[in-house]
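Q: One structure follows; several queries about it will come next.
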Amino acid sequence: MFSEGHARQSARVMAVTPLREQHASDALERAMETAQVLLDNVEHVVRGKRREIALVVAALACEGHVLIEDVPGTAKTVLAQALAHSVEGATVSRIQCTPDLQPTDVTGLAIYNQKTQDFEFRPGPVFANVLLVDEVNRAMPKTQSALLEAMAERQVTIDGITRTLPEPFLLLATDNPIEHEGTFPLPEAQLDRFLLRTSLGYPEEETELLIVRDQRNGHPLGRLRPVIGLAELRNLQRAIEDVYVDDLLQRWIVKLVRATRGLEIVDLSASVRGTLALERASRAWALIQGRDFVVPEDIEELFGPIVAHRVLFTPSFVASTRSLGREEALRQFWLCCLELAPRPR
């Protein structure tokens with residue numbers, strides 16, 4: 001039989017639990033509003049690409065990094081700048097990659113001060129909340145590798161001293177896939193550090209007409225104003241933890257990523273990092289869609305952007321799908337994985 005003390009303790013627990021649930025619900029609602037405000041603000045500049053913008057916002061909510069790969073003139077850099085300038089109080093920096101860019105141009109270096117007769121550290125552009133790395137494939141491999149520690153561990157080690165990067169830290173990199181002269185393809189280890197890879201593509205005719213009218217009196221990026229603060233951004237990132245993922249869907253995510261390890265069309269399959277990324281990104285995507293739970297459609301939508309850049313396809317598969325385009329190749333890849341890991345009933 002319970003004592004009076006146990007009864008009082010049980011009553012307190014029962015009273016606190018609904019309060020915690022209500023607090024989590026309120027935090028999720030505020031996070032959903034933050035995500036929508038951010039989406040709407042960026043869409044004032046990047047027209048007709050709400051899904052692609054949502055993918056980048058999902059990565060921001062997951063504290064992940066984004067690789068935007070597309071042909072010139074499709075607003076890759078504009079998207080990154082619009083997102084950066086939508087967060088008030090965020091420090092923004094940009095690196096324009098060239099073949100002569102050195103690792104210290106990214107991380108910073110120690111410079112001798114004659115007055116103090118000592119070395120002083122001058123931080124590089126990587127010490128920012130939002131870092132735009134434009135045309136990342138133009139930088140040499142040793143410069144690209146200078147970003148690996150920053151992307152994976154939110155820190156850089158210079159002259160034996162480890163320095164922590166600001167929180168939050170988001171890296172947005174752009175890549176031009178059609179140019180080959182003076183470029184250095186990203187190694188698989190660095191591609192795996194990106195939460196997702198996406199492309200924007202050309203706009204529809206009416207959207208392109210709207211873009212022309214928007215820029216009649218100057219670029220709309222110059223008129224963009226911050227709509228959220230760093231505190232709201234951190235709340236958005238914390239709210240991801242409260243989005244529910246059923247055990248059945250978690251098992252499906254694991255099976256889908258493991259399916260890449262049994263495909264004949266894949267030379268290098270996705271690692272556990274891909275599993276973790278897909279699970280977390282699914283929660284962020286559900287929140288952006290206005291839900292506090294993940295559904296199978298969220299996983300289907302994100303599988304390509306999250307997993308495809310983590311695998312290395314066989315030359316025969318690349319050759320057979322070259323004329324079909326990237327979207328059709330990714331669809332075939334998805335169907336192969338789905339055959340090994342069917343959608344749960």
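Q: Do any strands (runs of 3 or more DSSP E) lying entirely in the range 40-156 carry at least 1 residues that are in contact with a helix residue (DSSP H, G or I) (Cβ under 7 Å, 6 or more places away or on another chain), and which ones are they?
A: Passing ranges, in order: 66-69, 92-96, 130-134.
Q: Any idea which of ASP134, ASP159, ASP175 is out of contact with any Pro (no Cβ under 8 Å at 6 or more places or on another chain), more than 21 Å from HIS309 (Cα to Cα) and touching a residue at least 24 places away in the same chain (Cβ under 8 Å)?
A: That would be ASP159, the only listed residue that is out of contact with any Pro (no Cβ under 8 Å at 6 or more places or on another chain), more than 21 Å from HIS309 (Cα to Cα) and touching a residue at least 24 places away in the same chain (Cβ under 8 Å).
Quick grid of which residues meet (1) part of a loop (DSSP other than H, G, I, E, B); (2) closer than 20 Å to ASN235 by Cβ:
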{"site": "ALA259", "(1), (2)": "no, no"}
{"site": "GLU264", "(1), (2)": "yes, no"}
{"site": "GLU279", "(1), (2)": "no, no"}
{"site": "ALA284", "(1), (2)": "no, yes"}
{"site": "LEU287", "(1), (2)": "no, yes"}
{"site": "ARG291", "(1), (2)": "yes, yes"}
{"site": "ILE299", "(1), (2)": "no, no"}
{"site": "PHE303", "(1), (2)": "no, no"}
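Q: If a residue has to be surrounded by fewer than 16 Cβ atoms within 10 Å (Cβ to Cβ) and within 17 Å of TRP252 (Cβ to Cβ) to count, how many in the range 262-293 make the cut?
A: Going through the range 262-293 one residue at a time, the tally reaches 4.
Q: Tally up the residues in the range 81-131 that are over 18 Å from the mean Cα position of the chain (by Cα) and in contact (Cβ under 8 Å) with a residue 60 or more places away in the chain, please.
A: Total meeting the criteria: 3.
Q: Output the qualifying pairs, or none if there are none: Cβ atoms under 7 angstrom, residues six or more apart or on different chains, first residue in the range 273-299 and β-branched (Val, Ile, Thr), second residue assigned to a loop (DSSP other than H, G, I, E, B).
A: Close Cβ pairs (under 7 Å, with a partner that is assigned to a loop (DSSP other than H, G, I, E, B)) amount to VAL294/VAL243; VAL294/VAL245.
Q: Please verify whether the range 300-308 includes one or more residues that are more than 30 Å from SER25 (Cβ to Cβ), in contact (Cβ under 8 Å) with a residue 12 or more places away in the chain, loosely packed, with under 15 Cβ neighbours inside 10 Å and acidic (Asp, Glu).
A: No, there is no match, as no residue in the range 300-308 is more than 30 Å from SER25 (Cβ to Cβ), in contact (Cβ under 8 Å) with a residue 12 or more places away in the chain, loosely packed, with under 15 Cβ neighbours inside 10 Å and acidic (Asp, Glu).
Q: Determine, yes or no, whether ARG234 is assigned to a helix (DSSP H, G or I) and not assigned by TED's automatic domain parsing to the domain that holds GLU301.
A: Criteria met by ARG234.
Q: Determine, yes or no, whether LEU221 is assigned by TED's automatic domain parsing to the domain that holds GLU63, surrounded by 11 or more Cβ atoms within 10 Å (Cβ to Cβ) and modelled with pLDDT of 85 or more.
A: no
The values are calculated or read from the model by the stated rules, or taken from the named source; none is laboratory data. This structure is a prediction, so every number in the text was calculated from the model and none was measured. Note: ideal-geometry Cβ built from the backbone for every residue, glycine included; neighbour counts use all protein chains shown.
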